[in-house]
Amino acid sequence: MKTLCVIPARYGSQRFPGKPLFPLMGRPMVQWVFRAATESGAFSEVVIATDDSRIASVVKDFGGRVVMTDVDHPSGTDRVIEVAQQMPQFDAYVNLQGDEPLVPTELLRSFVSQLERGRQDQILTAATDIAAEEMNDFNVVKLVFDTAGRACYFSRSAIPHSRSGEFSPELCFKHIGLYGFTQSALRSIAELQPHPIEKLESLEQLRWLLNGLPIYVHLCEYEAHGIDTLEQALAVEKLLDK
């Protein structure tokens, strides 16, 4: 299976403008993600999808490949869909967040391996264990899945609700924003309209799920370190320094 890794990189983040170019240990953030994807050996090719010439210039300087995409895309998945339309020769596409400089190469390899073993119309995402203090944090997306490994629901609220108030870590997991799509699944997603519940939760994956597209879950051991603020970037830099 030929798999393309797409790293969406948008300059105009509201909370952290220019985030993909923020220097971590002397390298722009997006270069760390590109390096992990490339060194994993999991992908046939790795590209950075952006709408900004400043990001494109930096990526070319460090030897990466850039695909220019529309500035009005509301999500990273929309950017991946445009890349897939420009580069239809791949069997599958992986959306790797451009603000995860600590993503382990072994996670990328195991993730792509599961994607390759799955259905021809598969959507795959990742999840890991959740801590008790994260259950009521709206910034942490939770998910539950069935015995076949298919997601049942994603929410920013604590799910499932516990009448007793007891924490059940074996029932709920923390979602990691890593997505894999076969080409046919990505075509199906491109045809969907936003769903009202998706808008309520502000979670685009609910559009796919609530339109009947199964989302399979890749369980892993990974403490995600996504970056949304300058403070988080500085904390991640300290981890990289170690």
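Derivation of every value follows stated rules applied to the coordinates shown; laboratory data play no part. As the structure is a computational prediction, the values presented were derived from the model and not from experiment. Positions of Cβ are generated from backbone atoms using ideal geometry, with glycine treated the same way; all protein chains shown enter the neighbour counts.
Some points to look at:
- Note on the chain: percent of Cα-Cα distances in each 5 Å bin, starting at 0 and stopping at the bin with the largest distance, equals 1, 6, 14, 18, 20, 19, 13, 7, 2, 1, 0, 0.
- Cβ-Cβ FRET estimate between ILE197 and THR105, R0 fixed at 51 Å, reported to 0.05: 0.90
- Chymotrypsin sites (Phe, Trp or Tyr not before Pro) within segment 55-114: DSSP coil, no more than 16 neighbouring Cβ in 10 Å: PHE62
- One chain, two ends: ASP137 and ALA190. Fully extended at 0.36 nm per residue, the span grows by 16.0 nm beyond their Cα-Cα distance.
- Were the residues from ALA148 through LEU240 laid out at 0.36 nm apart, the gain over their Cα-Cα distance would be 29.5 nm.
- Pair GLU231, ASP72: separation of 7 Å Cα→Cβ label points (nm): 3.6
- Summary of the geometry: segment 149-217 and segment 1-64, compared by the centres of their Cα atoms, lie 26 Å apart.
- Restricting attention to segment 3-241, the count of lysine pairs at 8 or more positions apart or across chains with alpha carbons under 27 Å apart stands at 10.
- Note on GLN120/SER157: beta-carbon distance plugged into 1/(1 + (r/R0)^6) with R0 of 30 Å gives a FRET efficiency of 0.35.
- Efficiency of FRET between SER13 and GLU166 - r from beta-carbon atoms, R0 25 angstrom, step 0.05: 0.10
- Fluctuation leader among PRO23, PRO74, PRO104 - the chain, Gaussian network, Cα springs under 10 angstrom: PRO74
- Relative contact order, percent, segment 22-179 [alpha-carbon distance under 8 Å, six or more residues apart]: 21
- Modelled label positions at ARG35 and PHE62, each set 7 Å beyond Cα in the direction of Cβ, lie 0.7 nm from each other.
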